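The values are calculated or read from the model by the stated rules, or taken from the named source; none is laboratory data. In this text the structure is predicted, and so the values were computed from the model without any measurement. With ideal geometry, Cβ positions are generated from the backbone for all residues, glycine too; neighbour counts draw on all protein chains shown. Accessible surface areas use protein heavy atoms only, side chains included; no ligands, DNA or RNA. Shrake-Rupley method; radii C 1.70, N 1.55, O 1.52, S 1.80 Å.
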Amino acid sequence: MNKFSKISTALGVAMIPMTSAHSENETMDNVHKMMIQDTAKAAQFFENELNFKTNPHGVKAVLDGKIKNVTIVDLRTAKDFSEGHIPGAVNIPFDEHKGFDGNETSFEKLRKDGYNYVYCYQLLCNLGQKAAKKFASLGYPVKEIVGGYQSWKEANLPIEQ
């Protein structure tokens, strides 16, 4: 198996053999060019990440007054919220809103004149994404707090009960 065959097999790509007019090096250069990232799309992707996500330190900047006009929204159950949450957060429990798949058209605790930073349980919990999608579709500016409540606790930031 030559280099070209190994690469096409590893990529899971069925490649048509090149004519003898092309060398193996030319073929390898073409395969490499196909694998190079579209940097314009990458720049847009990371801009979107910055526009639509934050982390515990971004939330701490809100608590410290460095970022204004933000409502912090805890999406966990009311029971979990009562056991501890990010200071100043409001609770909009997912289990009282059909996992944000319901027919609601407004949420009185949210704001439209600033951001709503939403969080759920942990990094792999998708409640934050579901709620963010619902809220944004209703005209509420929103960011997801990546890592949820678990990342807040792991950063040893203050907890309110």
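Annotations
- Calculated from backbone phi, Karplus (6.51, -1.76, 1.60) coupling profile of the stretch 119-129 in Hz, x at Gly/Pro: 9, 10, 7, 7, 3, 8, 7, 9, 4, x, 5
- Here the Karplus curve 6.51 cos²θ - 1.76 cosθ + 1.60, taken at θ = phi - 60°, turns the phi angles of the stretch 57-68 into couplings of 6, x, 5, 4, 4, 5, 4, 7, x, 7, 10, 10 Hz, with x standing for Gly and Pro.
- For Lys143, the residues whose amide H sits under 5 Å from its own are Asn116, Tyr117, Val118, ignoring neighbours fewer than 5 places away on the same chain, with H placed 1.01 Å from N.
- Each Lys or Arg adds one and each Asp or Glu subtracts one; over the other residues with Cβ under 13 Å from the Cβ of Glu49, this totals +1.
- Rg/Rh for the stretch 40-161 (Cα atoms only, Rh after Kirkwood) is 0.95.
- Percent carbon-and-sulfur accessible area, the stretch 38-161, ignoring ligands, DNA and RNA, probe 1.4 Å: 52 percent
- Placing dummy labels 7 Å off each Cα toward the beta-carbon, the span from Ala136 to Ile67 is 1.5 nm.
- Close amide-amide hydrogen proximity is noted between Ile67 and Val62, each under 5 Å apart and 5 or more residues distant or on a separate chain (H modeled in the peptide plane; Pro and chain starts excluded).
- Here is the tail figure for the stretch 42-110: Cα pairs spaced more than 15 Å apart come to 64 percent of all pairs.
- Computed FRET value (nearest 0.05) for Gln150 with Asn48, which takes r as the C-beta separation and R₀ as 25 Å: 0.60
- Residue-count net charge about Val62 - beta-carbon cut-off 11 Å; Lys, Arg +1, Asp, Glu -1: +3
- Over 15 Å [Cα-Cα, the stretch 108-156], rounded percent: 42 percent
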